[in-house]
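Peer 1: This is the structure I have questions about; it appears just below.
Since every read-out is calculated from the coordinates, none of them should be taken as a lab result. Not measured: the values here are computed from a predicted model. Don't worry about glycine lacking a Cβ; one is built from the backbone with ideal geometry, like all the others, and counts go over all protein chains shown.
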Amino acid sequence: MAASLVRSTLGCQFARFLRPSLITAAGQTQSQRGVKRYMRAYLKELYNRRLRVGPEKLRHRSEFMNWNYNAEIYAFGKRLGEEFSNDSLQAAFTHRSYIEAEEARRADLGIDVASAPLGLTDNSELTQKGEETASRYIKAYLRSSYPTMFEEAIVAIHDHLMSDDTLSHIASHIGIGDLMLCSDFPPEESTLSKNFLAVVGALETDKGVKRAESLVRDLVLAQLVGKELMELWSVTNPMGLLMAVLDSQGRGPPEPRLQWQAGQRTIMAVYQVGIYSDKQLIGQSAGERVTIAEDMAAQDALQRMMGIGSGHMPLTFRTEADKMELRYDPKNISAEELMQTYELRQKENSVS
Amino acid sequence: MVFLTRILNIRARGPDPFWKRQFAKRLTWNFYGRRRNCHKLSLNYLRRALRYSTEYRSKLKTINMDNLFETRIAAGCAEHGVEYSPFIDTLRENNIVLDRKVLADLAIYEPRTFQSLCEVVKRSHAEIFNNNLNPSRRIFTKGML
Amino acid sequence: MATQRVLQWRAFARTWWLYDAANQCPFVSAYRVVPYLQGKHKPIFHPLSDVGDHVVVINTKDIAMQADYWRTFTFFHHTGYPGGFSKASAWRVHEIDPTRVMQLSVYSRIKGNLLRKGLMRRLHLFPDDKIPDEILENVSDQIRQVQPVAKRLDQYSEEEVTEFPKFFDWPEDFVKDGYKRHMTRKKPKRRYTV
């Protein structure tokens, strides 16, 4: 116990203290031989104090030294390789809650807000602008990348990309969290994601739609790389949809067949089902039970039809994507409409 | 009598041995029994452990990994009715320069690519077999010369 | 994660193999069967990942041994206590338990490490072809036998034997059924217990 305590106390955490060097006032290192005898007791005491006090309070970067907000904002644009104007970027990083808090603070101090305005604009307009651009572009990009994909799937993928979860992940990784001016700290996901959209909006006002769209492509759509797209869209009745699709294409109905099975009487049972239409294999998958396998095989068939199977081309990015012809307007085929027409036709057939 | 120079005779104790022991402890914390807690006992075992680990890195790891790759490639080959050593030899003869690590990875993650490699090997074998069947290639008779 | 889940499930599924040991050498059969138990027939093999399959061996009572091995091959056992040694020839072991010879030959083929017990539990031995349904239903493939099964002379019909082309006829006075091995067998010590 004692040994482990000592180990944890004076282990790797203090390895950096072990460097026998002193930093002089001039900022140069001066070598020093060995470790002084007091060092062990000193470090141990420091460590125990840290344990007593608990972890350091999370502070905003601006509370530390060397914080130059204007320089940071300038660097933000340069990091992304974009030319922002200072005003629009500053507006993009200013949240409504910050302005309200600031005004309240001034009112407390007895300063008249009307006579001495803050001169700040919040990012709600830019957010809205950015959201429209991003949303329109994501849908258009997906439609032109996957022309045979159902509209429902495109909407589902779009919703996933535009969710607070994804956008806040992107925002925090390009350093928006530190630059944001808002009252909540640590910043909430919704604030982060809105701020990212505001940055997109700011780029649009400064450099035009094309540039904003390429930012969305590089940062947001790139999140789809390596992702299972079929998992973002949950199909309730894949076999029914497959029947409707095949019917609309004038092909034979889907015919599930058991291809392979092992260990039926064990808990590790596995079945592989292939789905055939006109004696052509259109999808196959395994499952723990025959019903699961059939369901998954139908999903696999749909996946292959939509062009998102494992054997299909990956998404295009970079310069190739600039050449892509985007389809903003005409929507793709809707799965629901297909189902409805299929049901109607079935009814007609049964009546006649 | 006052010895004014006595103070000069105090021996400096030198550095704290604690740090040196800590350094060893970082490597011996997972040993069994007293050799983990007693520094002096642990030293010999530490030396040996370091020697073993060096030896493993340079020799045994290579051998183990080679054996693993061979097993995996052989398993992949067996699925398509090819044996390991003719497979490797024929690939080399046909100037397909893939090492065994890559071949093993292909066998796992890209079974279709691996199948096509097996197909190459099979066709190459068939070609050699057919060439040898044709007597004109290896029998020279008086009339031919 | 549904698609990935079923892919994983399929990759690590255990297949059940059937192996017919009738007229097969148990030692050579062990060479054939053990890689299936270890999972060495799969490209995803790794010694520490549990990817082995089940093997159901049937007709172990009909295994064949080469040369005079039934008589000369001896299985040994030691309990670890003084005087705990015992041995028995293959025929004797086979007489007591018709699956035992196959089991021992597979057991000795596997390297003696911690995995051996687990691998042996995936080997299902049956003296004849009567297998319980819950095992037979699991089987989805079979392992190729190690040696071709020859047809015995008494399995041919009289007609086939007489019609088989011959170089010469035996002379009238030739005694054909005179050969019989004269051998006095020593009775083994009855110390081997199962």
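Peer 1: Filter the chymotrypsin sites (Phe, Trp or Tyr not before Pro) in the range B:1-76 down to the DSSP loop ones having no more than 13 other Cβ atoms within 10 Å, then list what survives. Don't skip to the answer; put the middle values down first.
Peer 2: Details: sites: B:PHE3, B:PHE18, B:TRP19, B:PHE23, B:TRP29, B:PHE31, B:TYR32, B:TYR45, B:TYR52, B:TYR56, B:PHE69; in loops: B:PHE3, B:TRP29, B:PHE31, B:TYR32.
Within the range B:1-76, the qualifying chymotrypsin sites (Phe, Trp or Tyr not before Pro) (loop, at most 13 other Cβ atoms within 10 Å) are B:PHE3, B:TYR32.
Peer 1: Which is the longest run of chain B containing none of the trypsin sites (Lys or Arg not before Pro) found in DSSP loop states (not H, G, I, E, B) with at most 14 other C-beta atoms within 10 Å?
Peer 2: On the way: sites that count: B:ARG11, B:ARG13, B:ARG138, B:LYS142.
The longest uninterrupted stretch comes out as B:14-137.
Peer 1: Using the Karplus curve 6.51 cos²θ - 1.76 cosθ + 1.60 with θ = phi - 60°, work out ³J(HN,Hα) for each residue of the range A:117-133 in order, rounded to whole Hz, and write x for Gly and Pro.
Peer 2: With the stated coefficients, the range A:117-133 comes to x, 5, x, 10, 10, 8, 9, 5, 5, 4, 4, 4, 4, x, 5, 4, 4 Hz.
Peer 1: Let me ask something additional. In percent, how large is the relative contact order of the range C:1-160, given Cα pairs closer than 8 Å and 6 or more residues apart? Please report the intermediate quantities before stating the final value.
Peer 2: Working: 219 pairs, mean separation 53.0, N = 160.
Answer for the range C:1-160 is 33 percent.
Peer 1: Which is the longest part of chain C that has none of the chymotrypsin sites (Phe, Trp or Tyr not before Pro) sitting in a DSSP loop with at most 14 other Cβ atoms within 10 Å? Kindly include the intermediate steps, with their values, before the conclusion.
Peer 2: On the way: sites that count: C:TYR156, C:PHE167, C:PHE168, C:PHE174, C:TYR179.
Looking at chain C, C:1-155 is the longest stretch - no exposed chymotrypsin sites (Phe, Trp or Tyr not before Pro) with at most 14 other Cβ atoms within 10 Å.
Peer 1: Moving on. With r as the distance between the Cβ atoms of C:GLN147 and C:THR74 and R0 = 22 Å, compute the FRET efficiency 1/(1 + (r/R0)^6) and round to 0.05. Before the final figure, lay out each step's value.
Peer 2: Details: r = 23 Å, r/R0 = 1.04.
The value I calculate is 0.45.
Peer 1: Now, a different point. Counting pairs of alpha carbon atoms under 8 Å apart in space and at least six apart in sequence, what relative contact order in percent does the range A:69-224 give? Could you put the intermediate results ahead of the total?
Peer 2: Working: 181 pairs, mean separation 54.8, N = 156.
Normalised by residue count, the contact order of the range A:69-224 is 35 percent.
Peer 1: Would you list, by chain and number, the lysines whose Cα falls below 18 Å from the Cα of C:LYS130, excluding same-chain residues fewer than 8 positions away?
Peer 2: The qualifying lysines are C:LYS61.
Peer 1: For chain B, modelled as a GNM with alpha-carbon contacts under 10 angstrom, which of B:LEU60, B:LEU106, B:LEU133 fluctuates the most?
Peer 2: So, out of B:LEU60, B:LEU106, B:LEU133, the one fluctuating most is B:LEU133.
Peer 1: Taking the Cα centre of chain B as origin, sum charge times position over the Cβ atoms of Lys and Arg (+1) and Asp and Glu (-1), and report the length of that vector in debye to the nearest 20. Walk me through the intermediate numbers first.
Peer 2: On the way: 27 positive and 13 negative charges, 372 e Å.
The calculation lands at about 1780 debye.
Peer 1: Measure nothing but the geometry: give the 0 to 90° angle between the long axis through the Cα atoms of A:38-53 and the longest principal axis through the Cα atoms of chain A, rounded to 10°.
Peer 2: 60
Peer 1: Say we join alpha carbon atoms closer than 10 Å with springs in a Gaussian network model of chain A; which of A:LEU203, A:LEU192, A:LEU219 then has the biggest fluctuation?
Peer 2: Evaluated over chain A, the most mobile residue of the options is A:LEU219.
Peer 1: Still on this model: In percent, what relative contact order does chain A have, based on Cα pairs under 8 Å that are 6 or more apart in sequence? All intermediate terms of the calculation are to be shown ahead of the outcome.
Peer 2: Working: 421 pairs, mean separation 57.9, N = 352.
Contact order relative to length: 16 percent.
Peer 1: Which shape class applies to chain C: rounded if a/c is under 1.5, otherwise prolate when a/b exceeds b/c and oblate if not, where a ≥ b ≥ c are the square roots of the Cα gyration tensor eigenvalues?
Peer 2: Working: a/c = 3.02, a/b = 1.49, b/c = 2.03.
It comes out oblate by the Cα gyration axes.
Peer 1: Here is a further query. Provide the net charge surrounding A:ALA293, with neighbours chosen by a C-beta distance below 15 Å and charges set as Lys +1, Arg +1, Asp -1, Glu -1.
Peer 2: Working: positive: A:ARG257, A:ARG289, C:ARG5, C:ARG10; negative: A:GLU255, A:GLU288, A:GLU294, A:ASP295, A:ASP300.
That sum, taken over residues with Cβ under 15 Å, equals -1.
Peer 1: Among all stretches of chain A without exposed trypsin sites (Lys or Arg not before Pro) (DSSP loop, at most 16 other Cβ atoms within 10 Å), which one is longest? Kindly include the intermediate steps, with their values, before the conclusion.
Peer 2: On the way: sites that count: A:ARG33, A:LYS36, A:ARG37, A:LYS57, A:ARG59, A:LYS227, A:ARG251, A:ARG265, A:LYS279, A:ARG289, A:LYS323, A:ARG327, A:LYS331.
Longest stretch, sites excluded: A:60-226.
Peer 1: Using only the C-alpha atoms of the range B:36-137, find the volume of their convex hull and express it per residue in Å³. Please list the in-between numbers first.
Peer 2: Working: hull volume 13.0 nm³, N = 102.
Output value, Cα hull per residue: 127 Å³.
Peer 1: Show which lysines lie in cross-link reach of A:LYS36 when reach means a straight Cα distance below 28 angstrom and same-chain residues fewer than eight apart are skipped.
Peer 2: Counting by Cα, and skipping residues close in sequence, A:LYS36 has these lysines nearby: A:LYS44, B:LYS20, B:LYS25, B:LYS40.
Peer 1: In the Gaussian network model of chain A, springs joining C-alpha atoms below 10 Å, which of A:LEU89, A:LEU232, A:LEU43 carries the largest mean-square fluctuation?
Peer 2: Highest fluctuation of the listed residues: A:LEU43.
Peer 1: Now a separate question. Sequence neighbours fewer than 8 away in the same chain don't count; with that in mind, list the aspartates and glutamates whose C-alpha is under 16 Å from A:LYS227.
Peer 2: Leaving aside aspartates and glutamates fewer than 8 places away in the same chain, those within reach of A:LYS227 are A:ASP159, A:ASP165, A:ASP218, A:ASP300.
Peer 1: Rounded to whole Hz and in sequence order, give me ³J(HN,Hα) for the range B:95-106 from the Karplus expression 6.51 cos²θ - 1.76 cosθ + 1.60, θ = phi - 60°, writing x for Gly and Pro.
Peer 2: 6, 9, 8, 10, 7, 5, 4, 5, 4, 5, 5, 5
Peer 1: A follow-up question, please. Along the Cα→Cβ direction, 7 angstrom out, place labels at A:GLU320 and B:LEU98. What is the inter-label distance in nm?
Peer 2: 2.3
Peer 1: Report, in whole Å, the centroid distance computed from the Cα atoms of the range C:75-100 and the range A:219-282.
Peer 2: Value for the Cα centre distance between the two parts: 55 Å.
Peer 1: Where does helix A:238-248 land angle-wise versus the long Cα axis of chain A, in degrees 0 to 90, nearest 10?
Peer 2: Its long axis makes an angle of about 50 degrees.
Peer 1: Whose amide H sits under 5 Å from the amide H of C:ILE63, counting only residues 5 or more places off or on another chain, with H placed in the peptide plane?
Peer 2: The answer is C:ASN23.
Peer 1: Tabulate in residue order the Karplus-calculated ³J(HN,Hα) for the range B:60-67, using 6.51 cos²θ - 1.76 cosθ + 1.60 with θ = phi - 60°, rounded to whole Hz; enter x for Gly and Pro.
Peer 2: Taking θ as phi minus 60°, the curve returns 5, 5, 4, 4, 4, 5, 4, 4 Hz for the range B:60-67.
Peer 1: Rounded, prolate or oblate: which one fits chain A, using the alpha carbon gyration tensor with axes a ≥ b ≥ c (rounded when a/c is under 1.5, else prolate when a/b beats b/c, else oblate)? Show your work: numbers first, answer last.
Peer 2: Details: a/c = 2.84, a/b = 1.58, b/c = 1.80.
Oblate, since a/c reaches 1.5 and b/c is not below a/b.
Peer 1: Separate question: With angles folded into 0 to 90 degrees, how steeply does helix A:164-173 sit against the dominant principal axis of chain A? Use alpha carbons for both and round to 10.
Peer 2: Its long axis makes an angle of about 40 degrees.
Peer 1: Counting other Cβ atoms within 10 Å of each Cβ, which chymotrypsin sites (Phe, Trp or Tyr not before Pro) in the range A:47-110 have at most 16 and sit in a DSSP loop? Numbers along the way, then the final one.
Peer 2: On the way: sites: A:TYR47, A:PHE64, A:TRP67, A:TYR69, A:TYR74, A:PHE76, A:PHE84, A:PHE93, A:TYR98; in loops: A:PHE64, A:TRP67, A:PHE84.
Answer by residue number: A:PHE64, A:TRP67.
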